[in-house]
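The values are calculated or read from the model by the stated rules, or taken from the named source; none is laboratory data. Computed from a prediction, not measured in an experiment: that's the story for all the values here. Please note: Cβ atoms are built from the backbone with ideal geometry, for glycine as well, and neighbour counts cover all protein chains shown.
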Amino acid sequence: MHICYGPGEDTPRSLGYMMPAEWEKQEGIWISWPGDEDTFTDLRQVERAYTQMIRAVSPYEKIHLLVRDGETAEYVMGLFRDKEIRREHLKFHRADYADVWFRDYGPSFVIHRDKSALAMVDWTFNAWGNKYPGLLYDDIIPSMINQDLDIPRFVPGIVMEGGSIDVNGCGTVLTTKQCLLNPNRNPGLDRTGIEWYLREYLGCSHVLWLNEGIAGDDTDGHVDDIARFVDNTTILCALEENPDDENYPALLENYHLLKKAVDQDGIPITVIPIPMPGEIRNDNRLPASYVNFLITNKLVLFPTFNHHTDGIAQTILEGVFPGRDIIGIDCRAMVHGLGTLHCISQQQPEP
């Protein structure tokens with residue numbers, strides 16, 4: 001039986017756990033199959049993006065796929081022809097989830113490097129500041145999947161989403177003030193209090209605070225749309241080239257903050273800019289960004305938007321991930337749900 005550590009009990013850091021970087025060895029990735037036409041107006045195109053993702057990743061690691069019922073599992077398997085995927089790497093998990101944004105409602109996985117042990121942090125999910133009451137149910141998903149994994153589960157008792165943090169695996173976490181200090185998350189905690197939880201539950205000793213995220217992001221500035229670690233001391237940072245674009249001032253400010261930043265050992269951060277795609281809208285601005293890429297064992301999957309900057313983004317990613325294939329996935333339909341590849345997934349590290 002796994003151990004559940006509640007608020008005020010032992011923390012991951014006190015027991016020797018920490019969150020590894022995304023580029024470290026993975027056992028698999030977790031995703032939830034899309035099925036809600038209220039989220040995606042072109043559900044079939046979103047399904048195509050999911051099948052491309054599964055097809056690309058499954059030869060190299062497991063795909064833990066949440067489905068609502070057996071009928072959905074059969075439908076998904078029917079989308080793949082013989083030998084198109086490594087079927088033993090596709091593992092279905094039945095769960096009555098509300099939506100697909102697994103990065104935010106799923107657990108953050110931590111490892112104990114000396115003991116080769118895996119554990120999870122089960123944050124509170126409040127649907128991005130109680131914006132979507134119908135999605136609050138997804139807060140239960142980490143405890144449900146832990147019944148399958150049977151690993152230690154830490155419950156800090158505060159609101160946090162996986163897309164709001166990024167780590168270098170050595171002690172530094174990257175985040176934004178707009179999200180983590182937003183009164184719609186943890187109004188009883190100030191910056192010092194939030195940093196305590198980041199230290200104790202992610203095993204991080206140093207916090208890099210950016211300010212605001214991009215326009216159209218209903219998560220209040222998730223960092224995985226604006227800046228990401230690509231190695232221990234290098235961060236890829238989104239920059240808007242058009243000074244008349246509404247994203248221009250906030251992204252430029254974050255870039256300058258990173259240019260002055262150091263890691264947990266005082267080593268200056270190398271900052272590499274990556275352009276933003278052209279503006280995508282429905283009735284409102286959509287949060288399209290190349291920074292919402294997913295790192296896996298052999299690949300980096302990044303969102304494309306049929307814009308001339310797609311190729312520029314691919315070239316930049318090839319430069320910072322020389323040992324991995326860089327694969328673009330058309331996310332024009334997916335971004336209408338206000339997220340793309342990193343938002344729908346969570347990596348499970350190999351301890």
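Below is a table of values for the structure above.
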item	result
Count of the range 155-177 residues which are touching a helix residue (DSSP H, G or I) at 6+ places or on another chain (Cβ under 9 Å) and either buried (at least 21 other Cβ atoms within 10 Å of the Cβ) or closer than 18 Å to Gln346 by Cβ (or both)	15
Residue count for the range 8-54, restricted to those that are out of contact with any Asp or Glu (no Cβ under 6 Å at 6 or more places or on another chain) and assigned to a helix (DSSP H, G or I)	13
Close pairs from the range 316-332: first among the charged types (D, E, K, R), partner part of a loop (DSSP other than H, G, I, E, B) and buried (at least 19 other Cβ atoms within 10 Å of the Cβ), Cβ under 9 Å, at least 6 apart	Arg324/Trp23; Arg324/Thr296; Asp330/Phe305; Arg332/Ala288; Arg332/Phe305
Subset of the range 144-160 [in a strand (DSSP E or B) and of a type in the set (A, V, I, L, M, F, W, C)]	Phe154, Val159
Criterion violated by Leu236 - all others in (1) surrounded by fewer than 19 Cβ atoms within 10 Å (Cβ to Cβ); (2) closer than 29 Å to Glu350 by Cα satisfied	(1)
Residue list for the range 292-322, filter: out of contact with any Phe, Trp or Tyr (no Cβ under 9 Å at 6 or more places or on another chain) and either assigned to a loop (DSSP other than H, G, I, E, B) or within 20 Å of Gly163 (Cα to Cα) (or both)	Asn306, His307, His308, Pro322
Options Pro275, Pro287, Pro268, Pro243: the member that is touching a helix residue (DSSP H, G or I) at 6+ places or on another chain (Cβ under 8 Å), more than 20 Å from Ser345 (Cβ to Cβ) and not hydrophobic (A, V, I, L, M, F, W, C)	Pro275
Where a residue in the range 142-155 is among the aromatic types (Phe, Trp, Tyr) and its partner, wherever it lies, is assigned to a loop (DSSP other than H, G, I, E, B), with Cβ under 6 Å and at least six apart	Phe154/Pro12
Scope the range 182-206; condition free of Cβ contacts under 8 Å to residues at least 40 places away in the same chain and surrounded by fewer than 19 Cβ atoms within 10 Å (Cβ to Cβ); matching residues	Pro183, Pro187, Gly188, Leu189, Asp190, Arg191, Thr192, Gly193, Trp196
Any chance Trp128 is of a type in the set (Phe, Trp, Tyr), under 18 Å from the mean Cα position of the chain (by Cα) and modelled with pLDDT of 95 or more	yes
Boolean, Ile141 is surrounded by 23 or more Cβ atoms within 10 Å (Cβ to Cβ) and assigned to a strand (DSSP E or B)	no
Selection status of Asp224, assigned to a loop (DSSP other than H, G, I, E, B) and surrounded by 20 or more Cβ atoms within 10 Å (Cβ to Cβ)	no
Options Gly311, Gly266, Gly319, Gly328: the member that is surrounded by 14 or more Cβ atoms within 10 Å (Cβ to Cβ) and modelled with pLDDT of 95 or more	Gly328
Test: residue in the range 45-60 that is over 24 Å from Lys298 (Cα atoms), touching a residue at least 60 places away in the same chain (Cβ under 8 Å) and either out of contact with any Pro (no Cβ under 9 Å at 6 or more places or on another chain) or not polar (S, T, N, Q) (or both)	yes
Of residues in the range 134-145 being in contact with a strand residue (DSSP E or B) (Cβ under 9 Å, 6 or more places away or on another chain) and either modelled with pLDDT under 95 or aliphatic (A, V, I, L, M) (or both), the one nearest to Trp123 (Cα to Cα)	Ile141
Qualifying residue in the range 223-230 (condition: within 22 Å of Thr315 (Cβ to Cβ) and touching a His at 6+ places or on another chain (Cβ under 6 Å))	yes
The one condition in (1) buried (at least 18 other Cβ atoms within 10 Å of the Cβ); (2) within 27 Å of Thr51 (Cβ to Cβ) that Asp82 fails to fulfil	(1)
From the options Thr340, Thr296, residue that is without any contact (Cβ under 8 Å) to a residue 60 or more places away in the chain and either over 22 Å from Ile31 (Cβ atoms) or buried (at least 19 other Cβ atoms within 10 Å of the Cβ) (or both)	Thr340
Residue check for Gly163: assigned to a helix (DSSP H, G or I) and within 18 Å of the chain's Cα centre (by Cα)	yes
